[in-house]
1. If I ask for residues that are touching a residue at least 24 places away in the same chain (Cβ under 8 Å), of a type outside the set (D, E, K, R) and surrounded by fewer than 23 Cβ atoms within 10 Å (Cβ to Cβ), which ones from the range 212-232 would you list?
2. Sort through Asp214, Asp233 and tell me the only one that's modelled with pLDDT under 95, charged (D, E, K, R) and under 17 Å from the mean Cα position of the chain (by Cα).
3. Somewhere in the range 31-42, is a residue of a type in the set (Phe, Trp, Tyr), surrounded by 14 or more Cβ atoms within 10 Å (Cβ to Cβ) and in a strand (DSSP E or B)?
4. In the range 234-251, how many residues are assigned to a loop (DSSP other than H, G, I, E, B) and over 17 Å from Ile41 (Cα atoms)?
5. State all residues of the range 67-97 that are of a type outside the set (S, T, N, Q) and not in a strand (DSSP E or B); if no residue qualifies, say none.
6. Can you confirm whether Thr151 is closer than 19 Å to Tyr173 by Cβ, in contact (Cβ under 8 Å) with a residue 12 or more places away in the chain and in a strand (DSSP E or B)?
7. Quick test for you: out of Pro97, Pro31, Pro72, pick the one residue that is at pLDDT below 95 and of a type outside the set (D, E, K, R).
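The values are calculated or read from the model by the stated rules, or taken from the named source; none is laboratory data. On a predicted model such as this, the values are computed, not experimentally measured, just so you know. All Cβ positions, glycine included, derive from the backbone under ideal geometry; neighbour counts span all protein chains shown.
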Amino acid sequence: MKGALSVLGVVTFATTINLQAQYTFTTLSVPGALQTRAWGISGNNIVGYYTGFTGTFGFLYNGSSYTTLSVPGAVTTWAQGISGNDIVGYYKASSGPIYGFLYDGSSYTTLSVPGATSTEALGIDGNYIVGNYTSGTGTYGFVYDGRSYTTLSVPGSVQTVASGVSGGYIVGYYLTNQRLYGGFLCNFGNSGSIDPLGLPGARQILAEGISGNDIVGYYDTSSSSGFHGFVYDGSSYTTLPFTYAQGISGGNIVGYYLDTGGNYQGFLATPVPEPSALGLLAAGVPTLLVHRRFKKEPGRTVTGRRQ
């Protein structure tokens with residue numbers, strides 16, 4: 001285990017704000033599921049987890065069909081991130097701690113930070129797996145390079161979670177002593193610095209996914225009625241109202257939202273080409289029907305992942 005990395009500065013979002021999300025939204029719902037949450041995307045493949053009458057399981061969606069993901073011997077499986085054919089997440093057996101997993105399309109490999117009481121793998125790229133672990137001293141982010149684990153911990157924070165990775169850049173969030181969430185960007189592949197993200201007007205911000213220069217997550221303000229998703233392209237950010245944005249690939253965004261029946265459903269947001277976007281805005285076509293009286297997700301933990 002390597003030492004914790006330190007905070008060196010603040011990365012501030014540009015002040016350009018696009019409040020109208022220019023995306024086409026498609027609902028993702030596993031057939032027969034009570035609730036579906038999409039967490040990661042790579043090309044045309046999407047992963048997440050769903051809750052049915054028999055439990056909670058991971059899923060892989062290839063654009064036309066859903067495949068259930070369940071770690072052998074586990075009672076619950078949460079799929080979180082995908083890169084090519086590799087999928088990461090975490091699982092729980094009938095007894096014992098929570099472990100991370102890596103699934104290569106044919107077999108599962110358990111991931112466990114040495115000395116941790118639980119390990120959750122949340123994001124993956126070609127070189128690294130990121131997530132968080134809990135030990136007797138707290139909850140910390142980690143980076144795994146296939147050989148060793150490095151701890152990520154924002155100094156002064158109560159808890160740190162590393163949730164997404166792309167090309168050596170890592171995003172995540174941390175909990176302050178004031179019980180508020182803040183996002184961070186880590187240049188792990190170069191300087192190793194962990195820099196807090198600043199989003200104008202945000203009271204809390206949680207960064208969840210990254211692909212190239214694009215970062216997605218969600219935030220709230222002191223005057224908002226709930227969380228809103230966002231995508232930041234390096235110069236400006238676009239708001240995705242009343243959503244939890246979780247993953248991004250090739251400009252396509254996945255996450256979940258609360259429907260009018262009070263259940264969480266996954267979504268795929270696809271960018272609208274500029275001429276079509278202007279036409280849709282002029283026609284006043286709605287993009288997503290969501291429950292405007294947003295309520296807190298039941299059973300939310302610091303990672304926001306387990307019920």
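1. Gly212, Ser225, Gly226, listed by residue number.
2. Details: Asp214 fails: modelled with pLDDT under 95.
Step by step, each of Asp214, Asp233 is checked, and only Asp233 is modelled with pLDDT under 95, charged (D, E, K, R) and under 17 Å from the mean Cα position of the chain (by Cα).
3. Let us first name the residues in the range 31-42 that are of a type in the set (Phe, Trp, Tyr), namely 39.
Next, from what is left, pick out any that are surrounded by 14 or more Cβ atoms within 10 Å (Cβ to Cβ): 39.
Restricting the remaining residues to those that are in a strand (DSSP E or B) gives 39.
Yes: the range 31-42 contains one or more residues that are of a type in the set (Phe, Trp, Tyr), surrounded by 14 or more Cβ atoms within 10 Å (Cβ to Cβ) and in a strand (DSSP E or B).
4. Residues of the range 234-251 that are assigned to a loop (DSSP other than H, G, I, E, B), as a first pass: 234-235, 241-243, 250-251.
Those left that are additionally over 17 Å from Ile41 (Cα atoms): 234-235, 241-242.
Counting residues in the range 234-251 that are assigned to a loop (DSSP other than H, G, I, E, B) and over 17 Å from Ile41 (Cα atoms) gives 4.
5. Of the residues in the range 67-97, the ones of a type outside the set (S, T, N, Q) are 69, 71-75, 78-79, 81-82, 84, 86-93, 96-97.
Within the range 67-97, Val71, Pro72, Gly73, Gly84, Gly96, Pro97 meet the criteria.
6. Numbers: closer than 19 Å to Tyr173 by Cβ: yes; in contact (Cβ under 8 Å) with a residue 12 or more places away in the chain: yes; in a strand (DSSP E or B): yes.
In short, yes.
7. On the way: Pro31 fails: at pLDDT below 95; Pro72 fails: at pLDDT below 95.
Result: Pro97 is the single residue among Pro97, Pro31, Pro72 that is at pLDDT below 95 and of a type outside the set (D, E, K, R).
Table: residues versus (1) aromatic (Phe, Trp, Tyr); (2) under 16 Å from Leu69 (Cβ atoms); (3) surrounded by 23 or more Cβ atoms within 10 Å (Cβ to Cβ).
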| site | (1), (2), (3) |
| --- | --- |
| Leu102 | no, yes, no |
| Gly105 | no, yes, no |
| Leu111 | no, yes, no |
| Gly115 | no, no, no |
| Asp125 | no, no, no |
| Gly136 | no, no, no |
| Tyr149 | yes, no, no |
| Gly156 | no, no, no |
